[in-house]
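Below is one structure, written out as structure tokens, with a few remarks after it.
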Amino acid sequence: MTTDYDSLSFDRLGHASVRIETDDNTVIYIDPWSEVLDSEPKDADIVFVTHDDFDHYDPDAIEAVATSDSTIAVYDAVDTTDLDFDVVDLPLEGERTVDGITVRTIPAYNDPEGEHVDEDGTPFHAEGEVIGLLLTVDNTTVFFSSDTDFLDHHRSVTTDVFIPPIGGHFTMDRREAAEFAQHIDPEIVLPVHYDTFEPIETDADAFVSDLEDADIRVELF
């Protein structure tokens, strides 16, 4: 389902893969994954990648959505030697301009003292392994937090569109994501990263209800 906000159209292709299209037909993909693509659209102007988990960095999916003219922007900790494209490196924390789009990168990880750790107590996503993306597209801000917990430095984020994971286990769950959303108070929330695998099954309708009670618009796009 497509969700529109201002001049942007958003599609959750599945899992955490998102497609954004502007009024002037600029097409942006974030973390495309082959498992959720049902075609090879080859319509991307820009592809962003936030980290090297197989369900976020997938060279075959990038090949499926990109053309020879596409710009591929990837977190610089990701080994992209198997990618047959020139790559724009994105820092752990900082700001870049990618084809006219302002990109602020924000560290994303699981709190080592929190619940989202493996049997050895190691965070599923350690500090330095993942970035979130705060994009400014057609004067609209879009925050794709990627695989993370709700962390102290997130409290300073302001955005129109918030795209958080809500499935839990590997990332924040729906309750943490609702707290995150209530704190930063976006215009619209578009949740991702849930119901793909058994460990991240969640009650998305309850997430919607929780934020409706807080007068925040949510779309299960």
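The values are calculated or read from the model by the stated rules, or taken from the named source; none is laboratory data. Computed from a prediction, not measured in an experiment: that's the story for all the values here. As a convention, Cβ positions derive from the backbone with ideal geometry for all residues, glycine included, and neighbour counts pool all protein chains shown. Ligands, DNA and RNA are excluded from the accessible area calculation, which covers all protein heavy atoms including side chains. Shrake-Rupley method; radii C 1.70, N 1.55, O 1.52, S 1.80 Å.
Just a few scattered comments:
- Condition met for Thr122 (more than 19 Å from the chain's Cα centre (by Cα) and farther than 30 Å from Asp4 by Cα): yes
- Looking only at residues of the stretch 102-154 that are β-branched (Val, Ile, Thr) and open to solvent by 10 Å² or more (accessible area, probe 1.4 Å), we find that the one that is nearest to Pro191 (Cα to Cα) is Thr141.
- Criterion violated by Asp160 - all others in (1) more than 21 Å from Tyr29 (Cβ to Cβ); (2) surrounded by fewer than 23 Cβ atoms within 10 Å (Cβ to Cβ); (3) within 17 Å of the chain's Cα centre (by Cα); (4) at pLDDT 95 or above satisfied: (1)
- Enumeration of residues in the stretch 72-85 that are modelled with pLDDT of 95 or more and of a type in the set (D, E, K, R): Asp76, Asp79
- Taken as a whole, the condition of being more than 16 Å from the chain's Cα centre (by Cα) and in contact (Cβ under 8 Å) with a residue 12 or more places away in the chain does not apply to Asp55.
- Checking each residue in the stretch 36-63 for being in contact with a helix residue (DSSP H, G or I) (Cβ under 8 Å, 6 or more places away or on another chain) and surrounded by fewer than 18 Cβ atoms within 10 Å (Cβ to Cβ) picks out Ser39, Glu40, Pro41, Lys42, Asp43, Asp60.
- Only one of the numbered conditions (1) modelled with pLDDT of 95 or more; (2) surrounded by 16 or more Cβ atoms within 10 Å (Cβ to Cβ) is violated by Glu95, and that is (2).
- Ser68 passes every criterion in (1) touching a strand residue (DSSP E or B) at 6+ places or on another chain (Cβ under 9 Å); (2) of a type in the set (S, T, N, Q); (3) open to solvent by 10 Å² or more (accessible area, probe 1.4 Å) apart from (1).
- Residue ranges of strands (runs of 3 or more DSSP E) in the stretch 102-187 with at least 3 members among the aliphatic types (A, V, I, L, M): 130-137
- Filtered residues of the stretch 197-217 (kept if part of a loop (DSSP other than H, G, I, E, B) and open to solvent by less than 50 Å² (accessible area, probe 1.4 Å)): Thr202, Ala214, Ile216
- Those residues of the stretch 10-35 which are crowded, with 16+ Cβ neighbours inside 10 Å and either among the small types (Gly, Ala, Ser) or more than 23 Å from Asp195 (Cβ to Cβ) (or both), in sequence order: Gly14, Ala16, Ser17, Glu21, Thr22, Thr26, Val27, Ile28, Ser34
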